[in-house]
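Q: I'd like to ask you about the structure that follows.
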Amino acid sequence: MSDVVHAEWTKLRTLPGTGWLLLAAAALTAAVGTIAANAVTCPAGSSCQIDPAKVSLTGIDLGQAIVAIVAVTVISGEYSTGMMRVTLTATPGRWRVLAAKGAVVGAATLVTGAVAVLASVLAGGLLLDRHGLTPAHGYEALSLGDGTVLRAAAGSVLYLGLIALLSLGVAAAVRDSAVAIGVVLALLFLFPILSNVITSPGLHRHLEQLSPMTAGQYIQATTNLRSLPLTPWQGLGVLAAWTAGAMLAGALVLRFRDA
Amino acid sequence: MATLAPYRSELRTGRDGFAQLLLAEWTKFRTVRGWVIGMVVALLVIVGLGALTGANSECGVQLGPNSPTLACPAPATGPGGEWVTDSFYFVRQPMAGNGSITVRVTSLTGLYSTSGGFASDQNPTSGMTPGVQPWSKAGIIVKASTRQGAAYAALMVTGGHGVRMQWDFTHDVAGLAGKVSAASPRWLRLTRSGDTITGYDSADGAHWTRVGAATLAGLPSTTQSGLFAASPGYSVNTTSLGGGSSKGGPSLATGTFDQVSQQGTWPAGRWTGQDIQRMTDVALPASAQGFTQAAGRLTVTGSGDIAPDTGDVDTIKKTLAGTFAGLIAVVVIGVMFITAEYRRGLIRTTLAASPRRGRVLAAKAIVLATVTFAAGLVAAAVTIPLGERLLHESGNPIPPVTALTWLQVVAGTAALLAVSAVLGLAVGTLLRRSAGAVTAVIAGIVLPYLLATIPGILPVGAEQWLLRVTPAAGFAVQQTLTQYAQVHTVYTPGTGYFPLSPWAGFAVLCAWAAAALVLALFLLRRRDA
């Protein structure tokens, strides 16, 4: 198994695009988070309902799209060049190939995510303090020493990892990179758009609970947890369930269809 | 000795005109099963999500704890067919034929509630804060009848916008600036002549200035005319992050009038006071409103507003919520229309057959845009009536929309999809990689829209900025709500108001597509295929 993982790591590492994309994912995540934190204003004397951790981590919304590109390309790129047949000849155990790809992409994403989240939280802590989110307004300084902030930060890294595996599973199932990335982005973006316009309270709530993006990002919540339809870890669990479903579908297609 | 004749194809020599190129690209599109299926899926998903949204957006009002839920009532309809708020205290007399009314206003005061409602029907004003709203108004009015939504012309002093002449809800003209007080009173005069009502204001009752003239077609010979007061709901909206909390409640305004003089045919009777109001209006109950008359001085207290209705959701836009799903599908197809050629090496055949590369890109763009536009047109034309019907059945009032606006939304949605697909084609040509191109276009269009329109993710300023410069601005073309300067409400993307007008927003998307096409053309010519 370690040979397979090593082979996959060599393939991922030596593609010129991978490094740039992961760098872009980290940089854009931190940049968007910084811009969002910088845009916050909390006028004196008012109680603004701001979740400092969630604002600082707004960039995850964009970062996840780039992570999805990397993960989709790991499989779809091989199908488009025919490399897949070489890979499967070298490693006939197809599930091992998928597992190895998942391990490599997941690890690369977790490292990228950790860098991005750390930068976002540090920038958010510096900026939000200057924009009135001070202890005087009832806000603790944003710091990883705080349990809920640590959960938001670590959870966001896991969130990115799960998005990468979700994209990998979808790509294994549909093979074509354009279709795969379209399916992943539709899965992420459509639920929040629909739940925003559907006013029926029951369906609205169910859509939020089912949405991989909305529910998954409950892990970033540090304030007002009671208003969420799920707890933070349950929310991340919803995303994990989607990821497991996608990986299962991908594994079955990979196993039972000709490459 | 036999000579070998060189091979000559029996086929007629083909022509490489642009029509042939279009036909070739159309054949490519039509014969790839996945693209045709994708286009049909885009169409069906727009219709299906529109139906889902329509069927799951119940609107109901309950008059008491045990009474049945009724459908949400529609607001009154104004003379132009639009929805209006028409709620005020009216001190009136019938005026037969032409005539005029002149008054002096010496004060405008008010009360407002910050608690979201009023204390009780018996004592509604208890606990309210003194102060006038910027658009609290008191003045004189000539109205076709006391029916809500009837044509009118009014001249008024306002809490923060000076003297105003307004008519038929949507028209608003400024007169003398400044606040009214006993030391600085305002004289107001409305004169009716046929269908035309002219407003004049004056600071001293001697020197008059014409403020404006309203033509109210079909005004009956006898109008209800007199004094009025109204005050729209007080609201403060926190525009910072985290949900945009708002607090507010109904308010009322009291105007003090004297020197009332009437020309023309008026009955020699007393004034009649009437509270023009309906249950759903943001206004205080009738017990808080009224008028008193003593020694030539009239004080009128009213609540509500005479203005276009801005408090409703954009129903048509709501039925088209599935546009995003369709957009993702057509962008994927648009990108693949070119990247599939690179992947299979077909691009070399294509460029060998038609060496003028710009024409290849143009033919692809035209075929793609035409097919997507047609699919989008069908999808929007089916979805809007279907969604409105379902919304109506689940209790939502359906706003009146002119045929031109309807056409703008249907054609605009189709064009939005077509231009997005072409943007996908151009970015696909630039990047040659499907995954990157699809992500760039979808993240460029859908993500800004998501961040801008879901309240509480970004501050309002950032939301509006996103909908001005990113391709997501194109979604403004689906908007049917109008902003009115004379109505104070929350005009943010979260409440359905785009910072750009429908076609200006669409132009932003077109500019992105055009820039990407120019860059794609440049690189397509320069790079080896």
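What follows draws every value from the coordinates through simple rules; no lab data is involved. Source: prediction; values computed, not measured. Backbone-built Cβ (ideal geometry, glycine too); neighbour counts: all protein chains shown.
Q: Could you give the C-alpha radius of gyration of the range B:79-308 expressed as a fraction of 2.2 N^0.38 Å, taking N as the number of residues it contains?
A: 0.98
Q: For B:A514 and A:S227, FRET efficiency with R0 = 60 Å and r from the beta-carbon atoms, rounded to 0.05?
A: Computed FRET efficiency for A:S227 and B:A514 comes out at 0.85.
Q: Specify the inter-centroid distance of the range B:455-476 and the range B:379-453, based on alpha-carbon positions, in whole Å.
A: 16 Å
Q: While we're on this one: Is any residue of the range B:29-64 close enough, with backbone N under 16 Å, to a label point placed 7 angstrom from the Cα of B:Q122 along the Cα-Cβ axis, and if so, which?
A: none
Q: Give me a comma-separated list of calculated 3J(HN,Hα) values for the range A:110-120, in order, Karplus coefficients 6.51, -1.76, 1.60 applied at θ = phi - 60°, integers in Hz, x for any Gly or Pro.
A: 3J(HN,Hα) across the range A:110-120, in whole Hz: 4, 5, 4, x, 4, 4, 4, 5, 4, 4, 4.
Q: What FRET efficiency comes out for B:T402 versus B:M279 if R0 is 22 angstrom and r is the Cβ-Cβ distance? Round to the nearest 0.05.
A: 0.20
Q: Trypsin sites (Lys or Arg not before Pro) within the range B:441-529: which are DSSP loop residues with at most 12 other Cβ atoms inside 10 Å?
A: Counting only loop positions with at most 12 other Cβ atoms within 10 Å, the trypsin sites (Lys or Arg not before Pro) in the range B:441-529 are B:R527.
Q: Let me confirm one metric for peptide A:53-63, namely the mean number of other chain beta-carbon atoms within 10 Å of its residues' beta-carbons.
A: For this peptide, the per-residue mean of nearby foreign Cβ atoms is 2.
Q: Using 1/(1 + (r/R0)^6) with R0 = 25 angstrom and r between the beta carbons of A:L210 and B:T482, what's the FRET efficiency to the nearest 0.05? Don't skip to the answer; put the middle values down first.
A: Working: r = 36 Å, r/R0 = 1.42.
The calculated FRET efficiency here is 0.10.
Q: Let me ask another. Take the alpha carbon atoms of the range B:82-142, find their center, do the same for the range B:1-67, and report the distance between the two centers in whole angstrom.
A: 57 Å
Q: Can you tell me which of B:96-102, B:38-44, B:200-206, B:448-454 comes out highest on packing, and rank the rest after it, using the mean Cβ neighbours within 10 Å?
A: Packing order, densest peptide first, comes out as B:448-454, B:38-44, B:96-102, B:200-206.
Q: Also, quick follow-up: Please give the Cα centre distance for the range B:260-329 versus the range A:168-196, rounded to the nearest Å.
A: That distance is 48 Å.
Q: Points 7 angstrom from Cα along the Cβ direction at B:T69 and A:Q234: gap in nanometres?
A: 2.3 nm
Q: Another question, if that's okay. If you stretched the chain out fully between B:A213 and B:A19, how much longer would it get, using 0.36 nm times the residue separation minus the C-alpha to C-alpha distance? The partial results should precede the final answer.
A: Numbers: separation 194, 0.36 × 194 = 69.84 nm, distance 5.72 nm.
This chain segment gains 64.1 nm when fully extended.
Q: Another question about this same structure. What residues of the range A:196-228 lie in the reach of a label at B:Q62, counting those whose backbone N is under 16 Å from a point 7 Å from the Cα along Cα→Cβ?
A: Under cut-off, by backbone N: A:200-202.
Q: Give the order of B:S184, A:S120 when sorted by the count of other beta carbons within 10 angstrom, beginning with the fewest. All intermediate terms of the calculation are to be shown ahead of the outcome.
A: Details: B:S184 12, A:S120 29.
So the ranking, lowest neighbour count to highest, is B:S184, A:S120.
Q: Moving on to the next point. Taking H as built 1.01 Å from N, whose amide H comes closer than 5 Å to the amide H of B:T265, not counting residues under 5 places away?
A: Amide H to amide H, under 5 Å and 5 or more residues apart or across chains, B:T265 pairs with B:A96.
Q: Also, quick follow-up: Sort B:H488, A:H6 by Cβ crowding within 10 Å, fewest neighbours at the top.
A: Result, fewest neighbours first: A:H6, B:H488.
Q: Among B:T372, B:A174, B:L284, which residue has its Cα positioned farthest towards the positive end of the charge dipole of chain B, with +1 placed on the Cβ of Lys and Arg, -1 on the Cβ of Asp and Glu, and the dipole taken about the Cα centre?
A: B:T372
Q: Helix-only estimate, please: 222 nm mean residue ellipticity of chain B, summing -39500 (n - 2.57) across DSSP H runs of length 4 or more and dividing by its residues, to the nearest 500.
A: Counting only the DSSP helices, I get -12500 deg cm²/dmol.
Q: Within a 10 angstrom radius of the beta carbon, how do B:R343, A:R226 rank from fewest other beta carbons to most?
A: A:R226, B:R343
Q: Something else about it: In degrees between 0 and 90, to the nearest 10, how far off the longest principal axis of chain A does helix A:177-197 point, with axes built from Cα atoms?
A: In chain A, helix A:177-197 runs at an angle near 30 degrees to the longest axis.
Q: Something else now. Which whole number gives the average count of other chain Cβ atoms within 10 Å of the Cβ atoms across peptide B:455-461?
A: 4
Q: Please give, to one decimal in nm, the separation of the simple spin-label points placed at A:R13 and B:V378, each 7 Å out from Cα toward the Cβ.
A: It is 5.2 nm.
Q: Hey, quick one: spin label on B:I366, modelled 7 Å out along Cα-Cβ, who in the range B:1-29 has an amide N within reach, i.e. under 11 Å?
A: B:17-26
Q: Take peptides A:177-188, B:357-368 and line them up by average Cβ neighbours within 10 Å, highest first, as a rough protection proxy.
A: So the order, starting with the most tightly packed, is A:177-188, B:357-368.
Q: With Cβ to Cβ distances under 12 Å as the rule, what net charge do the other residues near B:Y200 carry (K, R +1; D, E -1)?
A: On the way: positive: B:R186, B:R189, B:R210; negative: B:D201.
Net charge around B:Y200: +2.
Q: Could you work out, residue by residue across B:428-440, how many beta carbons of other chains sit within 10 Å of that residue's beta carbon, and then give the average as an integer?
A: For peptide B:428-440, the averaged partner shielding equals 6.
Q: Next up: Taking square-rooted eigenvalues a ≥ b ≥ c of the alpha carbon gyration tensor, is the range A:91-237 rounded, prolate or oblate, where a/c under 1.5 means rounded and, failing that, a/b exceeding b/c means prolate?
A: oblate
Q: Output wanted: per-residue J couplings in Hz (rounded whole) for the range B:289-300, from phi through Karplus 6.51 cos²θ - 1.76 cosθ + 1.60, θ = phi - 60°, x for Gly and Pro.
A: 9, x, 8, 10, 9, 7, 6, x, 10, 10, 10, 10
Q: At 7 Å along Cα-to-Cβ for each site, give me the label-to-label distance between B:V173 and B:I37 in nm.
A: Those two pseudo-labels are separated by 6.4 nm.
Q: Counting only residues 5 or more places away or on other chains, whose amide H sits under 5 Å from the amide H of B:G110 once H atoms are built in the peptide plane?
A: B:G131, B:V132, B:T254
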